[in-house]
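Inspection log for the structure reproduced underneath, given as C-alpha cells.
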Amino acid sequence: MNSFASQIEAMLNKARNKADNIISEAVLDLQQQMVDATPEDTGQAKSNWFVEADQCSGKTTKDTSQGNLAEARQLLSRLKSGKSRPAYYYLFSNLPYIRVMEYGLYPNPPKVPTGKTVNGYSTQAPQGFFRLTVAGWQQTVQRIAEAKKDE
C-alpha cells in the first residue's frame, strides 16, 4: 500500500475510534442519567437499567446496589479493546412495572395510600423519566464530543 493510502486509512481509523469512544461514553452517561432519574423505593428499578451490545436480553435483577453501572463500564471497556465494535447498543429495563412508573399507571386512587403516588403518577417523577432522559440523547453526545474534540 502506498504512503498516501496508508495515511488516509490511518486517519479514517482514528476518526472511527474517536466516534466509537464518544458513543460508548454517551451510552454510559445516558445509563447514569436514567438511573438517576428513575424513581426510587427499594432501588431495584434503578439497578435494572442495563446496557448490552448487539442484542437485548430478558435479564432482570433483584439487586438494589446499582451494580448495573459497573457492569456496563466493564462491557464497554472490553468492547473498546476489541477489534470490532457493536452495531447497536441497548439501554433497557425488563422490570414488569417500569412502564407503570413511566406512564403514571398506578391505581388512582391508590389501593394503599403511601403518599408516593398522586393521580397515578410517582411523586418523584410525575412527568416520567425515560422519555425525558432519552430526549436529551443528542445533547449528551454533543457534550461528550465537545469535551473530546482535542483528543
What pairs come up if the first residue lies in the stretch 1-28 and is touching a residue at least 12 places away in the same chain (Cβ under 8 Å) and under 20 Å from Glu52 (Cα atoms), the second is surrounded by 11 or more Cβ atoms within 10 Å (Cβ to Cβ) and of a type in the set (S, T, N, Q), and their beta carbons are under 6 Å apart, counting only those six or more places apart or on different chains? Ala26/Thr140
Identity of the residue in the stretch 67-87, of a type outside the set (A, V, I, L, M), touching a residue at least 24 places away in the same chain (Cβ under 8 Å) and out of contact with any strand residue (DSSP E or B) (no Cβ under 7 Å at 6 or more places or on another chain), that ends up least open to solvent (accessible area, probe 1.4 Å): Arg85
Suppose we filter Ser65, Ser24, Ser93, Ser77 for residues that are of a type in the set (Gly, Ala, Ser) and farther than 25 Å from Gln139 by Cβ; which single one remains? Ser65
Conditions (1) of a type in the set (Gly, Ala, Ser); (2) in contact (Cβ under 8 Å) with a residue 60 or more places away in the chain; (3) open to solvent by less than 30 Å² (accessible area, probe 1.4 Å) -> Ala145 fails only (3)
In the stretch 73-122, anything charged (D, E, K, R) and assigned to a loop (DSSP other than H, G, I, E, B) is listed as Lys83, Arg85, Lys111, Lys116
Selection from the stretch 1-53 of residues that are among the hydroxyl-bearing types (Ser, Thr, Tyr), open to solvent by 40 Å² or more (accessible area, probe 1.4 Å) and part of a loop (DSSP other than H, G, I, E, B): Thr42
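The values are calculated or read from the model by the stated rules, or taken from the named source; none is laboratory data. Please read all numbers here as calculations on a predicted model, not as lab measurements. Backbone-built Cβ (ideal geometry, glycine too); neighbour counts: all protein chains shown. Only protein heavy atoms, including side chains, enter the accessible area calculation; ligands, DNA and RNA are left aside. Shrake-Rupley method; radii C 1.70, N 1.55, O 1.52, S 1.80 Å.
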